[in-house]
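This report refers to the structure that appears directly beneath it.
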Amino acid sequence: MKTINKRILLLVVVTILFLAITGLLMFSMFFHAEEYALQSVNGHLYENGVLISAGDIVDVNGTKLAYTEDGERKYADSAQVRTALLHIIGDDAGFIAGGIQDTFREELCGYNIIYGVNQTARNTLQLSLDADLCAYAYNELRPYKGCIAVCNYKTGELVCMASSPSYDMYDKPDNIDNNDEYEGVYINRLYGGLYTPGSIFKVVTALSAIENIDDIYNQTFYCDGSYSTGDGEIICNDVHGTVTFQQALNQSCNVAFAQIAVQLGADNLNHAFQQAGLATPHKTIDRLSSTAGSFSTSTENSDSEVGWAGIGQSTTLVNPYSFLTFMCAVANGGTAYEPYFVRSAVNGNNRQVYTAKPVDSSITLSKTTASTLKELLRSDVSDFYGDYIFGDVTMCGKTGTAERDDGLPHAWFAGFSYDESFPYAVIAVLENSGSGLRYAGHAAANVMQELYDKQS
Ligand SMILES: [Zn+2]
């Protein structure tokens, strides 16, 4: 009897173990099947870890940016387009973080939980980006490092994006990993870059002033080239004499804006930094994430430190994608969608298997604040930079010349078209190039004009 009982017990234990392991396997297969199917060991999709088979990726005009032909993964015909779009598409060996060949692998490979990877019905990804405009923007960045992007502020669709440095994946430089010219080459600087903002930060200080200083439009500021706070000194880029709030922004007067920052205090500035969506990473519907900016000036800091923070020259860091989204919100009455560029994925029967569903960014400015800022940024261009720089586009914007210890300043331009029938916002940063207007301002102006000409 005892032996039989033991055998039954053993049988029960073995059966339970068998069922448990089978259950675990099924659970794992069900929830991780996609991971297994799309892994680089899958010989249908990869050869020696290199992607060989996936669907097409096309730009807004239908230009092929990536496709599979004769069992080989191929990219755009033009070397300039391949170079400009490298960070968007990603390389086939997985060096580029966040390329859509990786983030949209499931849609590209036609993965389905029932049928697995469907070799005959791969999907086509359609982007909102114009490949030629991206190549144009990349040339505007060179020879500097940096990024440019243009977004439709009504829909959130990005029409142009370029990050420098880049390379042609058909002709990857041998010395890329130990040549300073290619420092950070695998990063898309629009999403991953963090920079001292310089004077584009005055838009954040102006936002706070509009909301917190009742008589800001009645105040005047006197600039004799420097401002002594008692515990330090803020130096201006010029001697501006007596200026109003608007003139101070137009002429980017450091003395006036340091005084405004001291009136506001660190807490108000920090709040405006958060309001503008610059403090936290943005999660995009393209399955990317931008780097969070940082504003570390607090009530513990001296007046001169708060003054330097108010003109964007302290420890503050901003991310270009976040600042572009902020510009979209100012242009669009206070709110904006998260910018994105993957419009849809369609299968062989032209049925959409993925459709972008734009999401609101966390930025919420009041309509009044947004329209006041919009008019102020318009006056920067009309009253100071000169409308002639921007050709056919009636622009609003702010330049920044962020002083650096490691060489020439970073040049910034952040702005947007005033005319809502051409609803585009632009961000440009050219690292260690020089003056904001001369480098970033002109690059942004040329890209906006090129877009305007394409649509006329
Ligand atoms: Zn000044």
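The values are calculated or read from the model by the stated rules, or taken from the named source; none is laboratory data. This is a predicted model, so every value here is computed, not measured. As a convention, Cβ positions derive from the backbone with ideal geometry for all residues, glycine included, and neighbour counts pool all protein chains shown.
The table for this structure:
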quantity: Asn42 of a type in the set (S, T, N, Q), part of a loop (DSSP other than H, G, I, E, B) and at pLDDT below 90; calculated: yes
quantity: Matching residues, the stretch 165-202, being touching a Lys or Arg at 6+ places or on another chain (Cβ under 8 Å) and under 29 Å from Asn250 (Cα atoms); calculated: Arg189, Thr196, Ser199, Ile200, Lys202
quantity: When residues of the stretch 386-401 are limited to those that are surrounded by fewer than 24 Cβ atoms within 10 Å (Cβ to Cβ) and of a type in the set (Gly, Ala, Ser), the one farthest from Ala445 (Cα to Cα); calculated: Gly386
quantity: Tally of residues being part of a strand (DSSP E or B) and surrounded by 12 or more Cβ atoms within 10 Å (Cβ to Cβ) across the stretch 405-423; calculated: 10
quantity: Qualifying residue in the stretch 343-363 (condition: part of a helix (DSSP H, G or I) and within 15 Å of the chain's Cα centre (by Cα)); calculated: no
quantity: Filter result for the condition that a residue is in contact (Cβ under 8 Å) with a residue 24 or more places away in the chain and under 21 Å from Gln247 (Cβ atoms), over Ala402, Ala414, Ala356, Ala345; calculated: Ala414
quantity: Checklist (1) touching a residue at least 24 places away in the same chain (Cβ under 8 Å); (2) surrounded by fewer than 17 Cβ atoms within 10 Å (Cβ to Cβ); (3) not in a loop (DSSP other than H, G, I, E, B) applied to Lys202, failing item; calculated: (2)
quantity: Restricting the stretch 443-456 to residues that are under 20 Å from the mean Cα position of the chain (by Cα) and not β-branched (Val, Ile, Thr), the residue that is farthest from Gly312 (Cα to Cα); calculated: Leu451
quantity: Test: residue in the stretch 390-402 that is at pLDDT below 95, over 24 Å from Ala279 (Cβ atoms), outside any helix (DSSP H, G or I) and charged (D, E, K, R); calculated: no
quantity: Residues within the stretch 283-309 that are in a loop (DSSP other than H, G, I, E, B) and either touching a Cys at 6+ places or on another chain (Cβ under 8 Å) or surrounded by fewer than 22 Cβ atoms within 10 Å (Cβ to Cβ) (or both), tallied; calculated: 11
quantity: Considering residues of the stretch 239-285 that are hydroxyl-bearing (Ser, Thr, Tyr) and within 13 Å of the ligand (Cβ to nearest atom) only, the residue farthest from the chain's Cα centre (by Cα); calculated: Thr242
quantity: Close pairs (7 angstrom Cβ cut-off, 6 or more residues apart or separate chains): in contact (Cβ under 8 Å) with a residue 60 or more places away in the chain and more than 12 Å from Gly310 (Cα to Cα) in the stretch 247-270, among the small types (Gly, Ala, Ser) and surrounded by fewer than 21 Cβ atoms within 10 Å (Cβ to Cβ) anywhere; calculated: Asn250/Ser379
quantity: Residues (of a type in the set (Ser, Thr, Tyr), within 16 Å of the ligand (Cβ to nearest atom) and either at positive phi or in contact with a helix residue (DSSP H, G or I) (Cβ under 8 Å, 6 or more places away or on another chain) (or both)) located in the stretch 215-233; calculated: Tyr222, Ser226, Tyr227, Thr229
quantity: Criterion violated by Ile427 - all others in (1) in a loop (DSSP other than H, G, I, E, B); (2) touching a residue at least 60 places away in the same chain (Cβ under 8 Å) satisfied; calculated: (1)
quantity: Boolean, Gly312 is in contact (Cβ under 8 Å) with a residue 12 or more places away in the chain, on the phi > 0 side of the Ramachandran plot, crowded, with 24+ Cβ neighbours inside 10 Å and touching a Lys or Arg at 6+ places or on another chain (Cβ under 9 Å); calculated: yes
quantity: Wholly enclosed helices (runs of 4 or more DSSP H) of the stretch 52-117 bearing at least 2 residues crowded, with 19+ Cβ neighbours inside 10 Å and at pLDDT below 90; calculated: 105-108
quantity: Val447, sole failed condition from (1) assigned to a loop (DSSP other than H, G, I, E, B); (2) among the hydrophobic types (A, V, I, L, M, F, W, C); (3) surrounded by 22 or more Cβ atoms within 10 Å (Cβ to Cβ); calculated: (1)
